[in-house]
Amino acid sequence: MYLDKIKINNFRQFENEVIDFDSNLTLIAGSNNSGKTSLLDFIEKVFSQESKVNFTVQDFSICTIKKIKKKLEKLFQSIKNSDEMQKQKHIEELMKNKYAISMCITIGYKKEDNISNFAEYLMELDDDKQYFYFYFEYSGDIRKFAEDLEENKEFFGSTNLLEHYIKTFKSSYYYCDSKFELKYDIKKHEFQRLCNFKFIRANKKLSDEKLDKKFSIANSIITLLEYNES
């Protein structure tokens, strides 16, 4: 079994991006600030049993932050003005758009693979499509936030709305159909139990000098690419 594809929404540089993986080995290359570290950080947060899924305001894409702030300010004004109709309208808009950090996960398998651990999460009934689908979401409870806002509106200002809204966010895992529309809850530990994930952080300083024997991982990969056509 292998990680086939992920789709990232609203995480740092990734507003709506699809990343395809090779079934054997995938190398990620790019210029500085192109998103390599962000991609690996997000994968670690979602897959690693050792990593707590903690996000901050800075983990949302800039575009998403602007949209959330604008919507929250409108909600705040409607509550201050005791405009119930506008309040409900803004709550519904926030619930509809959600503005969550999310990851759509496609896991592939081959016919000879033992999929017994995954059997209860099988949603694809087409024998020619050998995939499992999972969904991770980090989203807020806008109704709870609106209630807190109404009860404590004298303590809130338009500048700290997002900070308080983020406190209502939590992580959720689901197994899904291929369109990621039909979702069923799955516990975090259940999902992570299915995935053999290990994260080895580099602890050497970057160098423009010629690679030497110290860089054993890099040298091994280069050797593999030079002498193994497959």
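Things to note:
- Unmet criterion (only one of (1) open to solvent by 60 Å² or more (accessible area, probe 1.4 Å); (2) within 30 Å of F21 (Cα to Cα); (3) among the acidic types (D, E)) for E124: (1)
- For the residues I142, I186, the requirement of being at pLDDT 90 or above, buried (at least 16 other Cβ atoms within 10 Å of the Cβ) and within 18 Å of F76 (Cα to Cα) singles out I142.
- Count of segment 76-87 residues, restricted to those that are open to solvent by less than 80 Å² (accessible area, probe 1.4 Å) and within 15 Å of E147 (Cβ to Cβ), is 4.
- Test: residue in segment 77-93 that is within 16 Å of the chain's Cα centre (by Cα) and more than 18 Å from Y175 (Cα to Cα): no
- Within segment 125-142, the set of residues being within 30 Å of Y165 (Cα to Cα), assigned to a loop (DSSP other than H, G, I, E, B) and either within 11 Å of the chain's Cα centre (by Cα) or charged (D, E, K, R) (or both) comprises just one member, D141.
- Among the residues of segment 1-43, those identified as assigned to a helix (DSSP H, G or I) and out of contact with any strand residue (DSSP E or B) (no Cβ under 8 Å at 6 or more places or on another chain) are K36, T37, L40, D41.
- Considering the conditions (1) small (G, A, S); (2) at pLDDT 85 or above; (3) in contact with a helix residue (DSSP H, G or I) (Cβ under 7 Å, 6 or more places away or on another chain), S158 is excluded by exactly one of them, (2).
Here's the yes/no breakdown for (1) open to solvent by 30 Å² or more (accessible area, probe 1.4 Å); (2) touching a Gly at 6+ places or on another chain (Cβ under 6 Å); (3) at pLDDT below 90; (4) more than 23 Å from F180 (Cα to Cα):
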| site | (1), (2), (3), (4) |
| --- | --- |
| K52 | yes, no, yes, yes |
| F55 | no, no, yes, no |
| K89 | yes, no, no, yes |
| K110 | yes, no, yes, no |
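- When the residues of segment 29-50 are filtered to those that are modelled with pLDDT of 90 or more and of a type in the set (V, I, T), the one that is farthest from Y2 (Cα to Cα) is V46.
- Hits in segment 20-39 (condition: closer than 20 Å to L225 by Cβ and among the aliphatic types (A, V, I, L, M)): L25, L27, I28, A29
- Single condition E73 does not satisfy, out of (1) open to solvent by less than 90 Å² (accessible area, probe 1.4 Å); (2) modelled with pLDDT under 85: (2)
- Residue that is nearest to R143 (Cα to Cα), among those in segment 74-94 that are touching a residue at least 40 places away in the same chain (Cβ under 8 Å) and not charged (D, E, K, R): I91
- Residue check for M103: open to solvent by 20 Å² or more (accessible area, probe 1.4 Å), at pLDDT 85 or above and hydrophobic (A, V, I, L, M, F, W, C): no
The values are calculated or read from the model by the stated rules, or taken from the named source; none is laboratory data. Computed from a predicted model, the values in this text were never measured in an experiment. All Cβ positions, even for glycine, are placed from backbone atoms using ideal geometry, and neighbour counts span all protein chains on display. Heads up: the accessible areas ignore ligands, DNA and RNA and are worked out on the full protein's heavy atoms, side chains in. Shrake-Rupley method; radii C 1.70, N 1.55, O 1.52, S 1.80 Å.
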